[in-house]
1. Using a 1.4 angstrom probe on the protein heavy atoms only, could you order SER362, SER292 from most to least accessible area?
2. Where the only charges are on Cβ atoms (+1 Lys, Arg; -1 Asp, Glu), what is the dipole of the range 276-358 about its Cα centre, to the nearest 20 debye?
3. Enter the Cα centre distance for the pair the range 101-141 and the range 238-280, rounded to the nearest angstrom.
4. Quick one: accessible surface of VAL233, probe radius 1.4 Å, all protein chains present, in square angstrom to the nearest 10.
5. Return the distance in nm (one decimal) between the two label points of a simple spin-label model at SER292 and ARG139, each offset 7 Å from Cα along Cα→Cβ.
6. Using the beta-carbon distance between LEU264 and THR342 and R0 = 30 Å, what value does 1/(1 + (r/R0)^6) give for FRET efficiency, to the nearest 0.05?
7. Once Rh for the range 294-383 is found with the Kirkwood sum over Cα pairs, what is the Stokes-Einstein diffusion coefficient at 25 °C and 0.890 mPa s, in µm²/s?
8. Explain nothing, just the number: dipole magnitude of the range 347-456 about its Cα centre with +1 on each Lys and Arg Cβ and -1 on each Asp and Glu Cβ, in debye rounded to the nearest 20.
Amino acid sequence: MPSPLPDDDGVEKPGAVEQPIAPTRRTFLAGAGAAALAGLAAACSDDAADPSTTEPDGSLAIEDPSAEDVVRPAAQSEILDGLPDPIVPFRGAHQAGVITAPQAAGIVATFDVVVGSRDELAATLQDLSVEIERIMDARPAVPEEGFRPPVDSGVVEAGAASAGTAITLGVGASLFDGRFGLADRRPSELIPMPTFFNDRLVRPELSHGDLALTISGRSQQSVAYALQQAVRVTDRRLRLRWVQEGYNQLLAPSPERIAPTRNLMGFRDGTSNLDTGDTAVMDEHVWVGSGSGEPAWATGGTYQAVRVIRMLIEFWATAALVRQEQIFGRHRDSGAPLGQTTEGEEPAFATDPSDQGVPPRSHIRRANPRTPDAARILRRGFSYLNGAASDGTLDQGLLFLAYQRSLNQGFLEVQSRLDGEPMEDYVKPVGGGLFFVLPGPGDDPDGWLGASLLAG
Ligand code: HEM
């Protein structure tokens with residue numbers, strides 16, 4: 001009779017049998033090639049010995065994905081076509097893209113500013129704003145007269161193809177150094193991304209930036225086009241620093257389903273998120289308000305945390321389902337908290353902190369312990385695939401995006417609670433940055449992104 005075993009990380013594995021050879025993160029990371037494959041094989045056979053994942057004939061049980069969860073390409077296009085108003089408005093007190101509904105494609109690109117004066121920076125952001133508004137409005141690029149180069153590649157047709165694109169501009173802590181006389185205007189909590197517990201693979205060339213452009217849209221082509229145009233209109237004034245593309249397979253809306261996507265570890269993602277349709281909630285947790293201790297120019301903006309988090313997906317695939325679920329604290333297929341049946345239920349520990357049904361070190365319990373003052377953040381992630389890593393494994397992961405009106409009581413608080421969580425064995429952040437999303441351009445047709453920051 002198998003007995004529950006506490007794992008080395010303290011996450012109990014009910015029903016798991018003793019596993020004499022279990023791959024550890026260290027052996028997996030170090031063991032490219034034969035050693036890793038041996039570990040993989042050993043782990044697979046261990047899983048096969050687990051009665052909960054084995055068929056009577058000894059073959060591995062394969063979950064029959066419920067039809068409602070499988071969104072095939074045709075259905076995906078129906079979901080996209082069914083979106084209410086495909087044009088995302090550029091103008092307003094807040095920038096678009098933060099509370100816009102989850103999209104099928106995304107890109108984060110950061111830039112370093114190459115110009116040397118505040119006036120030149122202002123002119124650059126004005127030109128960028130004009131182009132961002134044109135793309136979001138799905139208007140055609142205006143052809144240049146004479147012998148000038150074409151104004152765009154023409155790969156995305158104006159109208160339907162670029163409709164739905166949302167472009168969001170943020171500024172990094174480095175913009176507030178001595179170059180532009182902005183040191184006294186830095187948002188009070190804006191710092192370079194600190195190094196966290198699990199950050200030993202973070203690479204400087206994939207991190208930070210003076211500016212960050214976050215683009216989301218209905219297709220990879222439309223978001224790539226928007227980035228090309230941003231580079232085109234700011235040429236020689238901004239230098240691209242790093243780019244991360246992402247995608248989402250949007251799940252068909254259904255009354256039983258809350259999360260809009262599944263991430264590459266197989267779990268529903270976005271179940272317990274802030275309600276972007278609730279203005280009071282957005283004002284409380286996302287938008288910087290006046291009198292919040294931030295500079296006056298920042299009102300209407302928000303802090304953005306970006307993390308490019310690589311998943312060691314082959315290693316994850318060797319973990320028994322019961323262990324995967326204990327690591328997250330939710331059932332993989334239904335999205336329900338452990339021990340419960342529907343995705344929308346609050347976990348038992350929310351009302352009874354002594355309840356151990358969801359392990360105390362699980363991702364959801366650490367991320368949101370449901371204590372009265374626990375920070376809440378708005379998450380807006382994308383999956384990514386960057387091809388093959390140098391050790392022959394998949395370079396895949398999560399392009400994590402979070403928005404909040406305070407970094408200290410937002411991402412930084414949540415991340416510090418997550419430091420040391422059991423999921424860290426299977427994920428490695430490789431880049432990202434902290435940015436402040438500028439206030440919206442307002443309703444004045446001459447308003448531009450950065451006007452309140454750079455004026456005067
Ligand atoms: C590869 C890395 C990550 C993966 C695969 C992941 C996955 C998940 C999943 C599956 C859930 C449960 C479903 C849901 O409520 O959306 C979740 C919840 C959550 N995650 Fe993550 N996550 C990752 C990184 C992070 C990071 C870096 C943070 C913040 C620092 C974070 C914060 C949260 C929060 C706040 C929740 C909601 C908890 C709740 O209210 O129940 N996650 N995540």
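1. My answer, sorted largest first, is SER292, SER362.
2. Roughly 480 debye for the range 276-358.
3. 23
4. Counting only protein heavy atoms, the figure is 40 Å².
5. 3.0
6. 0.80
7. This corresponds to a translational diffusion coefficient of 158 µm²/s.
8. Rounded to the nearest 20 debye, it is 240 debye.
The values are calculated or read from the model by the stated rules, or taken from the named source; none is laboratory data. Every value quoted in this text rests on a predicted model; they were computed, and no experiment measured them. Please note: Cβ atoms are built from the backbone with ideal geometry, for glycine as well, and neighbour counts cover all protein chains shown. We work out accessible area using only protein heavy atoms, side chains counted, and drop any ligands, DNA or RNA first. Shrake-Rupley method; radii C 1.70, N 1.55, O 1.52, S 1.80 Å.
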